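The values are calculated or read from the model by the stated rules, or taken from the named source; none is laboratory data. If you're wondering where the values come from, they're calculated on a predicted model, not measured in any experiment. Cβ sites come from the backbone with ideal geometry, for glycine too, and all protein chains shown count toward neighbours. Remember, those area values only see protein heavy atoms, side chains included, never the ligands or the DNA or RNA. Shrake-Rupley method; radii C 1.70, N 1.55, O 1.52, S 1.80 Å.
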Amino acid sequence: MAHQKLIFSMPARADLAFDAFHYHHWRGQWDSLVSRTQVQHGAPCPSVGAISENTGAGALRTLSMRTQFVSYHRPTLAAAKMIGRSFPFTQWAASMRHLPDGPDRSLLIYTYTFDVGPACLRWILEPFVRWVFERKTRQRFARLAQFLAVHAPEIAAWQRQQSTQAVASNATQTAHRP
């Protein structure tokens, strides 16, 4: 079983890094590991119990994985586990914790666990899969950091717009109640 915790410094607040990863509108602009990602039933982001379908990109384009979110606490923590199997993984789970690290910086703590199979080939597959997974994960979060360095103000403006729309929607609903 492979288990690892990686810590990445992000050039943006924790809430911005969280939304850049979990809202598919933003993720599609930077994520080098997926060519397509979507939450079943068309939600713009995951929630507890939501199932997400992810199709690999580049050399990993044949890797497709369905995950179910077991935790989703915006803007600090999200965790998911694989549903079914996706070669070479027989089990996979990961969590992302976002912590403040100054006024415009944060830490992204990514923890993952996986098993590979078939069991008779695990001794040879696991070291290779572990190496590729960690390498691709480091590249992926470096791309997220590069994206945030340029687009953090845009994500912050989007968040303000979302907040304003939610307040307006609540006010409209309250005004129409008998």
Roughly speaking, what is the centre-to-centre gap between segment 86-148 and segment 3-43 when only Cα atoms are used, to the nearest Å? 13
Roughly how tilted is helix 122-175, in degrees to the nearest 10 and between 0 and 90, from the longest Cα axis of the chain? 10
Computed from the coordinates I sent, Cα extents along the principal axes in Å equals one of [x] 46, 34, 31; [y] 65, 39, 25; [z] 46, 45, 35. Tell me the label. [y]
Top to bottom by accessible area (1.4 Å), largest first, where do ASP15, ASP31 land? ASP15, ASP31
Peptides ranked, highest mean first, by Cβ atoms within 10 Å: ranges 144-152, 98-106: 144-152, 98-106
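What size of dipole, in debye to the nearest 20, comes out for the chain about its Cα centre when the only charges are +1 on Lys and Arg C-beta atoms and -1 on Asp and Glu C-beta atoms?
240
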Can you check what the net charge comes to around LEU125, using other residues whose Cβ is under 15 Å from the Cβ of LEU125 (Lys, Arg +1; Asp, Glu -1)? 0
How big is the accessible area of TRP158 in square angstrom, nearest 10, if you roll a 1.4 angstrom probe over the protein chains? 40
Positive-end extreme of charge dipole, segment 1-95 - chosen from MET82, LEU33, ILE51 (charges on Cβ): MET82
With only helices counted (DSSP H, runs n ≥ 4, each -39500 (n - 2.57)), the per-residue ellipticity at 222 nm for the chain, to the nearest 500, works out to -13000 deg cm²/dmol
From largest accessible area down, sort TYR23, TYR112; use a 1.4 Å probe on the protein chains. TYR23, TYR112
So who's got an amide H within less than 5 Å of the one on LEU63, skipping anything under 5 residues away but keeping other chains? H placed 1.01 Å off N, in plane. GLY56
When the Karplus curve 6.51 cos²θ - 1.76 cosθ + 1.60 is applied with θ = phi - 60°, which whole-Hz ³J(HN,Hα) does each residue of segment 110-120 get, with x for Gly and Pro? 10, 10, 9, 9, 8, 10, 10, x, x, 4, 5
